[in-house]
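A quick write-up on the structure given underneath.
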Amino acid sequence: MKSMKKERRNAADRWTYIVRALTVIGWGLFVFALIMSYYAAPDTDYGLLRYHNIEIRKFWLTPLTGYLYIILWLSALSSYFCLILDNYRSRRKSDGKSFNMFLLLIITIAWVSFILVKIAEMDVGS
């Protein structure tokens, strides 16, 4: 039978609280970016809108898109710092793997890339 080592961690240290705060901030910024992208993105061209001759915005709103980039990069930066801190702070097999921060980083970078491609397509098409 293996001997059980005594747990030396008494309570969470300040780095744990910093990682938790950065996690909440990163996901909060991501949700805020979702809301902002709804207003910054072009309108969807539905047939009913064309039938009633309702004007449709077919371009990204430039000021909101700039803020959206900033928010998305801050969210990605927050998740990146969480991953780095977890890498240095979590050494045991029983420690969490921070899959949510890895997922947030990948989704945020993919979203920024998607927006850049869509805006570039609209500029070329104009």
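The values are calculated or read from the model by the stated rules, or taken from the named source; none is laboratory data. Everything quoted here is computed from the prediction, not taken from an experiment. Don't worry about glycine lacking a Cβ; one is built from the backbone with ideal geometry, like all the others, and counts go over all protein chains shown. The area values use the complete protein model at the heavy-atom level, side chains included, leaving out ligands, DNA and RNA. Shrake-Rupley method; radii C 1.70, N 1.55, O 1.52, S 1.80 Å.
Key figures for this structure:
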{"item": "Any hit, the range 103-117, residues being open to solvent by less than 80 Å² (accessible area, probe 1.4 Å) and modelled with pLDDT under 80", "result": "no"}
{"item": "Every residue from the range 28-75 that is farther than 17 Å from LEU116 by Cβ, open to solvent by less than 70 Å² (accessible area, probe 1.4 Å) and in a helix (DSSP H, G or I)", "result": "GLY28, LEU29, PHE30, GLY47, LEU49"}
{"item": "Residue within the range 76-88 that is among the small types (Gly, Ala, Ser) and at pLDDT below 90 present", "result": "no"}
{"item": "Where a residue in the range 50-71 is over 16 Å from TYR39 (Cα atoms) and its partner, wherever it lies, is open to solvent by 90 Å² or more (accessible area, probe 1.4 Å) and assigned to a helix (DSSP H, G or I), with Cβ under 9 Å and at least six apart", "result": "ILE54/LEU48"}
